[in-house]
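Here's the structure, in structure tokens; my notes come after.
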Amino acid sequence: MSHTTKQILNNPEIFLDDLTDSTEHILDIEFDARFEEWKARGSDKQVRASSLGTCIRQAYYSFNDQAQRTPVSDPLARRRMYMGFINEEIMGKIIDKMPGKTHGLSSEEQNKFPIHVDLLNDEDIHCAATTDFVKEYVENDVKYYVPIELKSTDVYKWKDFTYWKYHLKQLLLWVYIAKQNGLNVPYAMLIYTRRSTMDMKSCVIAVDTLYSKMGKVVESYEHWYPFMDDLVNRLKWSIRNKQVPAMPTDVPKYICNTCPHLGKCTNNVD
Ligand code: SF4
């Protein structure tokens, strides 16, 4: 709604209303663009890592019920996610200053290799994963890729915090697909930024490079590989046999509360 200068000068409520409208307008623009990007990335045969990393059942229902794609509408979720986008933007500038080629700085790259990787070995089901940034390095004419998954958080116990498992699994799926496709991945980085202070914490996934260090949060891809392979194969089996996967035990309740498939899941619908 447009107001006259006189109205604005006479009434600070109008200023505040404009602030709210303007915030929603900016969020609409951003979310519309992201939603289009997200839709373009999918196909009716695709399983997304963001879904499979979170919950195997969610991936199963999303695969069978692609029509449920809708833009995010919850006002709090929108604002929280928007702060995540801003964090990505800032981190992109930082990461781009580091040596190596940076992929992921522009939105068109979100649907392209190496930000987006696909497992095309099965005709009926394609596992796909997208990460925020990928650093590409060339050594002796050989290319190496380091995926970087960024998260921002307001977690209360920051000092003790390491990572959330569903974020780790999301990045592990990118690595899983990249490795199945024959890419060189020395390691992968899950990086958390604390919104209030911009402190950063990392979890390194050691992949081709063997790495461990006291005091550092490190996960080994070799250790996780059987789990990821089993996860992907269980999902494919469930989809092909039209049987909902067993209820996972590691999905936080707050994720279920916002899950679009909560009703079906609670009733164990296949
Ligand atoms: S409600 Fe929870 S367990 Fe069920 S599909 Fe959704 S996220 Fe998974």
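Coordinate-derived values only; no laboratory data. These numbers come from a predicted model, not from an experiment. FYI the Cβ positions are ideal-geometry reconstructions off the backbone, even for glycines, and counts take in every protein chain you see.
Quick notes on this one:
- Each residue of the stretch 250-261 was assigned a 3J(HN,Hα) from its phi angle through the Karplus expression (A = 6.51, B = -1.76, C = 1.60, θ = phi - 60°), giving 10, 9, x, 4, 5, 5, 4, 4, 10, 6, x, 9 Hz with x at Gly and Pro.
- The stretch between residue 250 and residue 217 holds 9.9 nm of extra length on full extension. This uses 0.36 nm per residue minus the Cα-Cα distance.
- Each 10 Å bin from zero holds the following percent of Cα-Cα pairs in the stretch 98-210: 13, 43, 32, 11, 1.
- Restricting the calculation to Cα atoms, the chain yields a radius of gyration followed by a Dmax of 20.5, 68 Å.
- Low-density loop cleavage sites - trypsin sites (Lys or Arg not before Pro) in the stretch 209-270, where at most 16 other Cβ are within 10 Å (DSSP): 213, 216, 242
- 3J(HN,Hα) couplings calculated from phi for the stretch 165-177 with the Karplus curve 6.51 cos²θ - 1.76 cosθ + 1.60 (θ = phi - 60°) are, in sequence order, 4, 5, 6, 4, 5, 4, 6, 4, 5, 4, 4, 4, 5 Hz; Gly and Pro show x.
- The stretch 4-62 and the stretch 212-267: distance between their alpha carbon centers, rounded to Å: 26
- The simple Förster model, with R0 at 35 Å and r as the Cβ-Cβ distance, assigns residue 123 and residue 143 a FRET efficiency of 0.80.
- Most positive-pole-ward Cα, 217, 263, 231, against dipole of the chain from beta carbon charges: 217
- Dipole size of the chain about its Cα centre, with +1 on Lys/Arg Cβ and -1 on Asp/Glu Cβ: approximately 780 debye, rounded to the nearest 20.
- Net dipole in debye of the stretch 73-116 [+1 Lys, Arg Cβ; -1 Asp, Glu Cβ; about Cα centre; nearest 20]: 100
- Exposed loop sites, defined as chymotrypsin sites (Phe, Trp or Tyr not before Pro) outside DSSP H, G, I, E and B with at most 15 other Cβ atoms within 10 Å, are absent from the longest region of the chain, namely 1-155.
- Computed log10 I(q)/I(0) for the stretch 1-131 at 0.12, 0.16, 0.18 Å⁻¹: -0.64, -0.95, -1.10, from the Debye equation with unit scatterers placed on every C-alpha and solvent omitted.
- DSSP-defined antiparallel bridges as percent of all bridges, the stretch 1-147, nearest 5: 80
- Dipole check for the stretch 145-270: with +1 at the C-beta of Lys and Arg, -1 at the C-beta of Asp and Glu, and the Cα centre as origin, the magnitude is about 280 Debye.
- When shorter helices are ignored and each DSSP H run of at least 4 residues is given -39500 (n - 2.57), the per-residue value for the chain at 222 nm works out to -14500 deg cm²/dmol.
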